[in-house]
Amino acid sequence: MKTKNQNIYQLVESDQFSCPDWLASQGLEDPAVQKLIEKACQLATAATPRRTRLLELDSLATGLEIAGILNELKVDGDTLCAAILVPALNAGSLQLAQVEEALGPGIAKLARGACQMDAIRDLQMQAGAGQIDRQQVENLRKMLLAMVDDARSVLVKLAERVSFMRQIKTRSPEFRERYARETEEI
């Protein structure tokens with residue numbers, strides 16, 4: 001069985017990933033949660049192309065890393081499923097309608113909330129380019145956060161940022177600083 005600390009990216013890329021092994025390594029023993037997560041993994045696996053936009057990482061592995069971060073916080077199974085699927089949704093290789101059909105409206109709504117928070121990043125980039133002023137961005141950021149129906153969506157987005165920060169440690173200092181600042185502003 002694979003351990004919690006093994007690199008999930010290596011396991012997925014080498015086709016050694018096993019959902020039951022991952023569930024066991026995470027201590028997830030509830031059969032209902034296991035079934036949901038297995039469905040989420042199947043959806044993420046079927047999504048093609050399976051690459052995240054910025055770092056070109058496998059979206060299934062990224063989703064599993066995000067879910068692992070959230071599992072340490074003892075979140076529920078719906079949140080873990082949303083976390084597994086958000087990278088594929090953000091990459092455009094999976095649609096919310098597919099998530100809703102396979103896993104229900106609750107998980108789709110959580111995933112949609114996390115994906116909508118990308119609008120904050122887009123606004124920050126526009127402000128950095130001088131297209132809109134910082135006060136407008138701050139007001140819009142507050143409004144977008146207030147619109148999130150479920151705080152679990154915010155947790156998914158924050159865990160996604162933690163995962164991202166872990167992955168950029170080998171990038172240039174300028175790249176790391178820019179995205180660290182972006183994360184701080186979220």
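Could you rank the peptides 82-94, 106-118, 168-180 by their average count of other C-beta atoms within 10 Å per residue, with the highest value first?
Peptide ranking by packing, descending: 82-94, 106-118, 168-180.
Could you go through the range 66-81 in sequence order and give the Karplus-derived ³J(HN,Hα) for each residue, using 6.51 cos²θ - 1.76 cosθ + 1.60 with θ = phi - 60°, rounded to whole Hz, and x for Gly and Pro?
With coefficients 6.51, -1.76 and 1.60, one gets 4, 4, x, 4, 5, 4, 5, 8, 6, 6, 7, x, 4, 5, 5, 5 Hz.
Bear in mind these aren't lab numbers, they're just calculated from the coordinates by the rules spelled out. The structure displayed is predicted, hence computed values, not measured ones. Glycine also receives a Cβ, built like all others from the backbone with ideal geometry; neighbour counts cover every protein chain displayed.
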